[in-house]
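Structure, as C-alpha coordinates:
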Amino acid sequence: MKFVDEVKIEVIAGKGGDGCLSFRREKFIPFGGPNGGDGGDGGSVYLIADEGLTTLFDFRYTRYFKAQKGQQGMGSQCTGKKGEDLIIKVPIGTVVFDLETDEVIGDLTKDKQQLIVARGGHHGLGNIHFKTSTNRAPRRTTSGFAGEHRHLRLELQVLADVGLLGLPNAGKSTFIRAISAARPKVADYPFTTLHPHLGVVSIDIDRNFVVADIPGLIEGAADGMGLGIRFLKHLSRTRLLLHVVDVMPSTNDPIEDALKIIKELENFSPELVEKERWLVLNKFDLLAEGEQQAHCDAMLELLDWQGKTFMISAETGQGCKELSYEIMNYLDSLKENVEPAPFVP
(Lines give C-alpha, C1' and ligand atoms only; values in the text may rest on other atoms or scores of the structure.)
Protein backbone atom coordinates (compact mmCIF):
# COMPACT_ATOMS: atom_id res chain seq x y z
CA MET A 1 0.00 0.00 0.00
CA LYS A 2 1.27 3.44 -0.89
CA PHE A 3 2.27 5.57 2.09
CA VAL A 4 0.29 8.81 2.26
CA ASP A 5 0.87 11.15 5.19
CA GLU A 6 -1.06 14.29 4.28
CA VAL A 7 -4.51 14.79 2.70
CA LYS A 8 -7.24 17.43 2.49
CA ILE A 9 -10.87 16.50 3.06
CA GLU A 10 -14.26 18.21 3.32
CA VAL A 11 -16.72 17.28 6.08
CA ILE A 12 -20.34 18.39 6.45
CA ALA A 13 -22.46 17.60 9.48
CA GLY A 14 -26.14 16.80 9.03
CA LYS A 15 -28.82 19.50 9.03
CA GLY A 16 -31.32 19.47 11.88
CA GLY A 17 -34.85 18.37 11.03
CA ASP A 18 -37.58 21.01 10.71
CA GLY A 19 -40.35 21.35 13.28
CA CYS A 20 -43.80 20.07 12.35
CA LEU A 21 -46.96 22.12 11.91
CA SER A 22 -49.78 19.86 13.02
CA PHE A 23 -53.08 19.97 14.93
CA ARG A 24 -54.86 17.29 16.90
CA ARG A 25 -57.73 15.83 14.89
CA GLU A 26 -60.06 13.48 16.75
CA LYS A 27 -63.76 12.77 16.56
CA PHE A 28 -65.83 14.94 18.87
CA ILE A 29 -62.79 17.14 19.64
CA PRO A 30 -63.10 19.99 17.11
CA PHE A 31 -60.41 22.15 18.67
CA GLY A 32 -57.68 19.71 19.66
CA GLY A 33 -54.89 22.23 19.57
CA PRO A 34 -51.34 22.02 18.19
CA ASN A 35 -49.37 18.78 18.40
CA GLY A 36 -46.49 19.26 15.98
CA GLY A 37 -43.28 17.59 17.18
CA ASP A 38 -39.67 18.73 16.98
CA GLY A 39 -37.27 17.66 14.29
CA GLY A 40 -34.28 15.43 14.98
CA ASP A 41 -30.74 16.75 15.44
CA GLY A 42 -28.37 16.35 12.52
CA GLY A 43 -25.60 13.76 12.68
CA SER A 44 -22.07 14.85 13.60
CA VAL A 45 -18.80 13.86 11.96
CA TYR A 46 -16.18 12.11 14.10
CA LEU A 47 -12.65 10.98 13.47
CA ILE A 48 -11.54 7.87 15.38
CA ALA A 49 -8.01 6.53 15.65
CA ASP A 50 -7.62 2.94 14.49
CA GLU A 51 -4.46 0.95 15.19
CA GLY A 52 -5.17 -1.17 12.13
CA LEU A 53 -4.43 1.73 9.77
CA THR A 54 -0.92 2.94 8.95
CA THR A 55 -1.53 5.41 6.13
CA LEU A 56 -4.03 7.99 4.88
CA PHE A 57 -4.16 6.30 1.48
CA ASP A 58 -7.94 5.72 1.65
CA PHE A 59 -8.50 9.48 1.52
CA ARG A 60 -6.72 9.96 -1.80
CA TYR A 61 -9.92 9.36 -3.76
CA THR A 62 -12.65 9.84 -1.12
CA ARG A 63 -12.43 13.34 0.26
CA TYR A 64 -16.06 14.38 0.73
CA PHE A 65 -17.93 13.21 3.83
CA LYS A 66 -21.44 14.15 4.87
CA ALA A 67 -23.39 13.01 7.92
CA GLN A 68 -27.10 12.19 7.83
CA LYS A 69 -29.62 14.96 8.36
CA GLY A 70 -32.25 14.84 11.10
CA GLN A 71 -35.78 13.70 10.34
CA GLN A 72 -38.58 16.25 10.22
CA GLY A 73 -40.92 16.37 13.22
CA MET A 74 -44.32 14.66 13.03
CA GLY A 75 -47.80 15.04 14.42
CA SER A 76 -48.96 13.66 17.76
CA GLN A 77 -45.92 15.36 19.30
CA CYS A 78 -43.59 12.82 17.68
CA THR A 79 -39.97 13.94 17.47
CA GLY A 80 -38.06 13.22 14.29
CA LYS A 81 -35.25 10.69 14.33
CA LYS A 82 -31.72 12.01 14.94
CA GLY A 83 -29.38 11.76 11.97
CA GLU A 84 -26.72 9.08 12.27
CA ASP A 85 -23.24 10.24 13.16
CA LEU A 86 -20.52 9.64 10.58
CA ILE A 87 -17.43 7.87 11.91
CA ILE A 88 -14.22 8.20 9.87
CA LYS A 89 -11.28 5.97 10.79
CA VAL A 90 -7.75 7.41 10.66
CA PRO A 91 -4.33 6.08 11.71
CA ILE A 92 -3.00 6.69 15.19
CA GLY A 93 -0.83 9.81 15.13
CA THR A 94 -3.11 11.86 12.87
CA VAL A 95 -3.08 15.61 13.48
CA VAL A 96 -6.19 17.48 12.30
CA PHE A 97 -5.98 21.07 11.01
CA ASP A 98 -8.65 23.53 9.97
CA LEU A 99 -7.60 24.30 6.42
CA GLU A 100 -8.88 27.87 6.47
CA THR A 101 -7.36 29.01 9.79
CA ASP A 102 -4.50 26.46 10.03
CA GLU A 103 -5.64 25.85 13.60
CA VAL A 104 -4.88 22.47 15.17
CA ILE A 105 -8.27 20.95 15.97
CA GLY A 106 -6.98 17.77 17.56
CA ASP A 107 -4.25 15.16 17.78
CA LEU A 108 -5.25 11.49 17.81
CA THR A 109 -2.53 9.58 19.67
CA LYS A 110 -4.39 6.59 21.17
CA ASP A 111 -6.35 3.71 19.71
CA LYS A 112 -10.14 4.37 19.67
CA GLN A 113 -9.63 8.04 20.57
CA GLN A 114 -12.41 10.15 19.05
CA LEU A 115 -12.49 13.72 17.84
CA ILE A 116 -15.58 15.60 16.70
CA VAL A 117 -14.73 17.71 13.66
CA ALA A 118 -18.20 18.87 12.57
CA ARG A 119 -21.21 19.18 14.87
CA GLY A 120 -24.68 18.34 13.62
CA GLY A 121 -27.28 21.06 13.27
CA HIS A 122 -29.80 21.65 16.08
CA HIS A 123 -33.38 20.53 15.51
CA GLY A 124 -36.27 22.82 14.65
CA LEU A 125 -39.27 23.28 16.97
CA GLY A 126 -42.80 22.13 16.28
CA ASN A 127 -45.80 24.39 16.69
CA ILE A 128 -46.67 22.87 20.08
CA HIS A 129 -43.95 25.08 21.60
CA PHE A 130 -45.70 28.27 20.47
CA LYS A 131 -49.09 27.71 22.07
CA THR A 132 -50.07 30.52 24.44
CA SER A 133 -53.18 31.62 26.28
CA THR A 134 -53.91 34.08 23.52
CA ASN A 135 -52.76 31.98 20.57
CA ARG A 136 -54.36 28.58 20.94
CA ALA A 137 -53.70 27.51 17.35
CA PRO A 138 -50.17 28.67 16.45
CA ARG A 139 -48.98 28.15 12.92
CA ARG A 140 -45.40 28.89 13.74
CA THR A 141 -42.49 26.43 13.54
CA THR A 142 -38.73 26.76 13.22
CA SER A 143 -36.42 25.17 10.73
CA GLY A 144 -33.49 22.98 11.70
CA PHE A 145 -30.04 24.56 11.70
CA ALA A 146 -27.40 23.60 9.17
CA GLY A 147 -24.55 21.40 10.37
CA GLU A 148 -20.96 22.59 10.49
CA HIS A 149 -19.10 22.60 7.18
CA ARG A 150 -15.33 22.34 7.38
CA HIS A 151 -12.32 21.85 5.17
CA LEU A 152 -9.64 19.87 6.98
CA ARG A 153 -6.04 18.86 6.49
CA LEU A 154 -5.05 15.51 7.96
CA GLU A 155 -1.36 15.09 8.70
CA LEU A 156 0.03 11.76 9.85
CA GLN A 157 2.96 11.64 12.24
CA VAL A 158 4.09 8.10 12.97
CA LEU A 159 4.40 7.17 16.63
CA ALA A 160 7.82 5.71 17.37
CA ASP A 161 10.20 5.65 20.32
CA VAL A 162 13.34 6.06 18.23
CA GLY A 163 13.91 7.98 14.99
CA LEU A 164 16.74 7.43 12.52
CA LEU A 165 18.17 10.31 10.57
CA GLY A 166 21.10 10.69 8.23
CA LEU A 167 22.10 11.20 4.63
CA PRO A 168 21.07 8.77 1.89
CA ASN A 169 23.14 5.56 1.96
CA ALA A 170 24.19 6.11 5.58
CA GLY A 171 22.86 2.63 6.37
CA LYS A 172 19.63 3.44 8.22
CA SER A 173 17.52 0.86 6.38
CA THR A 174 20.20 -1.79 6.83
CA PHE A 175 20.33 -0.96 10.54
CA ILE A 176 16.58 -1.30 11.03
CA ARG A 177 16.70 -4.63 9.20
CA ALA A 178 19.48 -5.77 11.53
CA ILE A 179 17.62 -5.04 14.77
CA SER A 180 13.98 -5.71 13.83
CA ALA A 181 11.74 -7.72 11.54
CA ALA A 182 11.12 -4.73 9.28
CA ARG A 183 12.34 -5.25 5.73
CA PRO A 184 12.73 -1.89 3.99
CA LYS A 185 14.31 -1.91 0.56
CA VAL A 186 18.12 -1.71 0.59
CA ALA A 187 20.24 -0.74 -2.42
CA ASP A 188 23.45 1.14 -3.20
CA TYR A 189 21.81 4.24 -4.64
CA PRO A 190 20.39 7.36 -2.96
CA PHE A 191 16.73 7.66 -2.00
CA THR A 192 16.12 3.93 -1.73
CA THR A 193 13.80 4.73 1.18
CA LEU A 194 10.81 6.63 -0.19
CA HIS A 195 8.54 6.57 2.86
CA PRO A 196 8.93 5.89 6.60
CA HIS A 197 9.39 2.34 7.82
CA LEU A 198 8.56 1.19 11.33
CA GLY A 199 10.32 -1.69 13.03
CA VAL A 200 9.59 -3.25 16.43
CA VAL A 201 12.73 -4.24 18.31
CA SER A 202 12.09 -6.97 20.91
CA ILE A 203 14.61 -7.11 23.73
CA ASP A 204 12.61 -9.41 25.99
CA ILE A 205 9.09 -10.79 26.26
CA ASP A 206 7.68 -7.53 27.58
CA ARG A 207 10.45 -5.14 26.58
CA ASN A 208 10.38 -3.65 23.10
CA PHE A 209 10.49 -0.34 21.29
CA VAL A 210 9.55 1.05 17.87
CA VAL A 211 12.09 2.51 15.44
CA ALA A 212 11.17 4.83 12.56
CA ASP A 213 13.36 5.06 9.45
CA ILE A 214 12.65 8.15 7.33
CA PRO A 215 14.00 8.96 3.86
CA GLY A 216 17.55 10.30 3.85
CA LEU A 217 18.12 14.03 4.11
CA ILE A 218 20.21 16.14 1.81
CA GLU A 219 21.56 19.65 2.11
CA GLY A 220 18.69 22.10 1.86
CA ALA A 221 16.12 19.56 3.10
CA ALA A 222 14.64 22.07 5.57
CA ASP A 223 13.90 24.35 2.61
CA GLY A 224 12.15 21.59 0.65
CA MET A 225 15.00 19.85 -1.16
CA GLY A 226 14.86 16.08 -1.53
CA LEU A 227 12.41 13.69 0.12
CA GLY A 228 13.30 13.96 3.78
CA ILE A 229 11.59 17.28 4.46
CA ARG A 230 8.20 15.65 3.96
CA PHE A 231 8.93 13.22 6.75
CA LEU A 232 11.01 15.21 9.25
CA LYS A 233 7.78 15.88 11.14
CA HIS A 234 7.57 12.18 11.96
CA LEU A 235 10.60 12.59 14.23
CA SER A 236 8.87 15.16 16.45
CA ARG A 237 7.09 12.46 18.48
CA THR A 238 10.14 10.28 19.09
CA ARG A 239 11.91 10.16 22.44
CA LEU A 240 15.35 9.47 21.03
CA LEU A 241 17.13 10.30 17.76
CA LEU A 242 19.89 8.19 16.28
CA HIS A 243 22.12 10.14 13.91
CA VAL A 244 23.58 7.50 11.58
CA VAL A 245 26.83 8.51 9.86
CA ASP A 246 28.73 6.55 7.22
CA VAL A 247 32.38 6.56 8.34
CA MET A 248 33.59 5.55 4.88
CA PRO A 249 31.47 7.42 2.31
CA SER A 250 32.53 6.91 -1.29
CA THR A 251 32.66 10.61 -2.13
CA ASN A 252 31.98 13.03 0.73
CA ASP A 253 33.76 13.77 3.98
CA PRO A 254 31.93 12.06 6.92
CA ILE A 255 32.43 15.15 9.09
CA GLU A 256 30.74 17.35 6.50
CA ASP A 257 27.94 14.80 6.19
CA ALA A 258 27.28 14.86 9.92
CA LEU A 259 27.34 18.67 10.08
CA LYS A 260 24.86 18.90 7.19
CA ILE A 261 22.30 16.87 9.11
CA ILE A 262 22.73 18.93 12.26
CA LYS A 263 22.29 22.12 10.25
CA GLU A 264 19.11 20.83 8.60
CA LEU A 265 17.67 19.90 12.00
CA GLU A 266 18.36 23.41 13.28
CA ASN A 267 16.74 24.98 10.23
CA PHE A 268 13.68 22.73 10.39
CA SER A 269 12.88 22.72 14.10
CA PRO A 270 14.84 23.92 17.16
CA GLU A 271 12.77 21.45 19.21
CA LEU A 272 14.26 18.52 17.29
CA VAL A 273 17.79 19.75 18.02
CA GLU A 274 17.01 19.73 21.74
CA LYS A 275 15.90 16.09 21.68
CA GLU A 276 18.19 13.41 23.06
CA ARG A 277 20.41 12.45 20.13
CA TRP A 278 23.06 9.72 19.87
CA LEU A 279 25.74 9.48 17.22
CA VAL A 280 25.92 6.10 15.46
CA LEU A 281 29.05 5.62 13.37
CA ASN A 282 28.20 2.95 10.83
CA LYS A 283 30.22 0.73 8.44
CA PHE A 284 33.19 0.31 10.79
CA ASP A 285 33.78 -3.12 9.29
CA LEU A 286 35.34 -1.30 6.30
CA LEU A 287 38.18 -0.04 8.52
CA ALA A 288 41.12 -2.06 9.72
CA GLU A 289 40.52 -3.32 13.26
CA GLY A 290 43.45 -1.37 14.67
CA GLU A 291 42.26 1.90 13.12
CA GLN A 292 38.65 1.86 14.28
CA GLN A 293 39.00 3.56 17.68
CA ALA A 294 41.49 6.15 16.41
CA HIS A 295 39.15 6.98 13.51
CA CYS A 296 36.23 7.37 15.93
CA ASP A 297 38.19 9.64 18.29
CA ALA A 298 39.29 11.84 15.40
CA MET A 299 35.71 12.24 14.16
CA LEU A 300 34.40 13.11 17.61
CA GLU A 301 37.09 15.72 18.07
CA LEU A 302 36.36 17.37 14.73
CA LEU A 303 32.61 17.34 15.45
CA ASP A 304 33.12 18.51 19.04
CA TRP A 305 30.63 15.81 19.99
CA GLN A 306 29.94 15.35 23.72
CA GLY A 307 26.99 12.97 23.56
CA LYS A 308 26.80 9.20 23.41
CA THR A 309 28.58 7.50 20.52
CA PHE A 310 28.33 3.98 19.15
CA MET A 311 30.40 2.18 16.55
CA ILE A 312 28.44 -0.42 14.59
CA SER A 313 28.29 -2.32 11.35
CA ALA A 314 24.68 -2.66 10.28
CA GLU A 315 25.73 -5.01 7.48
CA THR A 316 27.43 -7.56 9.77
CA GLY A 317 25.41 -6.80 12.90
CA GLN A 318 28.49 -5.79 14.90
CA GLY A 319 27.48 -3.55 17.82
CA CYS A 320 23.78 -3.54 16.88
CA LYS A 321 22.65 -5.75 19.76
CA GLU A 322 24.56 -3.69 22.31
CA LEU A 323 23.06 -0.49 20.90
CA SER A 324 19.55 -1.97 21.09
CA TYR A 325 20.01 -2.78 24.78
CA GLU A 326 21.31 0.73 25.46
CA ILE A 327 18.25 2.20 23.75
CA MET A 328 15.91 -0.03 25.76
CA ASN A 329 17.60 0.90 29.04
CA TYR A 330 17.36 4.58 28.16
CA LEU A 331 13.66 4.34 27.34
CA ASP A 332 13.02 2.40 30.56
CA SER A 333 14.76 5.13 32.52
CA LEU A 334 12.30 7.72 31.32
CA LYS A 335 9.25 8.40 33.38
CA GLU A 336 6.63 5.69 33.03
CA ASN A 337 3.38 6.35 31.23
CA VAL A 338 4.79 9.28 29.34
CA GLU A 339 2.26 10.52 26.80
CA PRO A 340 3.35 10.80 23.14
CA ALA A 341 5.01 14.13 22.45
CA PRO A 342 2.54 16.79 21.26
CA PHE A 343 2.53 18.01 17.73
CA VAL A 344 5.20 20.61 16.94
CA PRO A 345 4.27 22.88 13.99
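What figure in square angstrom, to the nearest 10, would you give for the accessible area of THR55 with a 1.4 Å probe?
It works out to around 10 Å².
Give me the percent relative contact order of the chain, please, defined on Cα pairs under 8 angstrom at least 6 residues apart.
In percent, rounded to a whole number, it is 15.
For LYS260, which lysines qualify as cross-link partners when the Cα separation must be under 29 Å and same-chain residues fewer than eight apart are set aside?
Answer for LYS260, where 29 Å is the Cα cut-off: LYS172, LYS185, LYS233, LYS275, LYS283, LYS308, LYS321, listed by chain and number.
What figure, in Å² to the nearest 10, do you get for the accessible area of LEU334 with a 1.4 Å probe and non-protein molecules left out?
About 50 Å², rounded to the nearest 10.
Could you pull the accessible area for MET328 with a 1.4 Å probe, rounded to 10 Å²?
10 Å²
Give the longest segment of the chain that steers clear of chymotrypsin sites (Phe, Trp or Tyr not before Pro) in DSSP loops with at most 12 neighbouring Cβ atoms within 10 Å, not counting the sites themselves.
Answer - 62-345.
Have a look at GLY43, GLN68, CYS20 and report the one farthest towards the positive end of the charge dipole of the stretch 1-85, computed about the Cα centre with Cβ charges (Lys/Arg +1, Asp/Glu -1).
The Cα lying farthest towards the positive end belongs to CYS20.
Using a 1.4 angstrom probe on the protein heavy atoms only, line up THR141, THR238 by accessible area, largest first.
Order by accessible area, largest first: THR141, THR238.
How about the stretch 1-104: which GluC sites (Glu not before Pro) there are in a DSSP loop, with at most 12 other Cβ atoms within 10 Å of their Cβ?
Taking the stretch 1-104 and a limit of 12 other Cβ atoms within 10 Å, the loop GluC sites (Glu not before Pro) found are GLU51, GLU100, GLU103.
Of all DSSP beta bridges in the chain, what percent run antiparallel (nearest 5)? Before the final figure, lay out the partial values.
Numbers: 31 of 56 bridges.
Close to 55 percent.
To the nearest 500 deg cm²/dmol, what mean residue ellipticity at 222 nm is calculated for the chain from DSSP H runs of n ≥ 4 alone, each contributing -39,500 (n - 2.57), summed and divided by the residues?
Using -39500 (n - 2.57) per qualifying helix, the result is -4500 deg cm²/dmol.
Could you work out the per residue convex hull volume over the alpha carbons of the stretch 243-289, in cubic angstrom?
Residue-normalised Cα hull volume stands at 70 Å³.
Any idea how far the Cα center of the stretch 25-85 sits from the one of the stretch 141-156, in Å?
The distance from the Cα centre of the stretch 25-85 to that of the stretch 141-156 comes to 14 Å.
Residue by residue through the stretch 296-310, what is 3J(HN,Hα) from phi via Karplus (6.51 cos²θ - 1.76 cosθ + 1.60, θ = phi - 60°)? Round to whole Hz and write x for glycine and proline.
5, 4, 5, 5, 5, 5, 5, 7, 6, 8, 10, x, 5, 9, 9
How about LYS66: which aspartates and glutamates have a C-alpha closer than 18 Å to its C-alpha, ignoring those fewer than 8 places off in the same chain?
GLU10, ASP41, ASP58, GLU84, ASP85, ASP98, GLU148
Using a probe radius of 1.4 Å on heavy atoms only, what accessible surface per residue do you get for the chain? Whole Å² is fine.
Per-residue value: 52 Å².
So for HIS295, HIS129, what's the accessible-area order with a 1.4 Å probe, most first?
Result, largest first: HIS129, HIS295.
Which ³J(HN,Hα) values in Hz, rounded to whole numbers, follow from the phi angles of the stretch 118-123 under the Karplus curve 6.51 cos²θ - 1.76 cosθ + 1.60, where θ = phi - 60° and Gly and Pro get x?
8, 8, x, x, 6, 6
Tell me which residues come under 5 Å, amide H to amide H, from LYS308 once H is placed; ignore anything under 5 positions away on its chain.
Here the answer is LEU279, since their amide H atoms fall under 5 Å of that of LYS308.
With θ set to phi - 60°, apply the Karplus curve 6.51 cos²θ - 1.76 cosθ + 1.60 along the stretch 148-155 and write out the HN-Hα couplings as whole Hz, x wherever there is a Gly or Pro.
5, 10, 9, 10, 10, 10, 9, 10
Two decimals, Cα atoms only, Kirkwood Rh: what is Rg/Rh over the stretch 26-110? Can you show the working numbers first?
Values: Rg = 20.7 Å, Rh = 16.2 Å.
With Rh from the inverse mean 1/r over Cα pairs, Rg/Rh is 1.28.
Express the carbon and sulfur contribution to the solvent-accessible surface of the chain as a percent, rounded to the nearest whole number, probe 1.4 angstrom.
Reported share for carbon and sulfur atoms: 50 percent.
Pull up all non-local amide H partners of THR94: gap of 5 or more, or a different chain, and H-to-H distance under 5 Å with H placed in the peptide plane.
Under 5 Å from the amide H of THR94 lie the amide H atoms of LEU108, GLN157, each far enough along the sequence or on another chain.
Only one of the values (i) 23.8; (ii) 21.2; (iii) 17.1 was calculated from this structure for mean projected area of the Cα convex hull in nm²; name its label.
Here mean projected area of the Cα convex hull in nm² agrees with entry (i).
Amide H neighbours of GLY75 under 5 Å, at least 5 residues apart or on other chains, H built in the peptide plane: list them.
Amide H to amide H, under 5 Å and 5 or more residues apart or across chains, GLY75 pairs with GLY37.
Among the lysines, select those whose C-alpha is under 25 Å from the C-alpha of LYS27, and discard any that sit fewer than 8 residues away in the same chain.
Leaving aside lysines fewer than 8 places away in the same chain, those within reach of LYS27 are LYS131.
The values are calculated or read from the model by the stated rules, or taken from the named source; none is laboratory data. Fair warning: this is a prediction, and the values are worked out from it, not measured in the lab. Reconstructed Cβ throughout: ideal geometry from the backbone, glycine too, with neighbour counts over all protein chains shown. These accessible areas exclude ligands, DNA and RNA; they are computed on the full protein's heavy atoms, side chains included. Shrake-Rupley method; radii C 1.70, N 1.55, O 1.52, S 1.80 Å.
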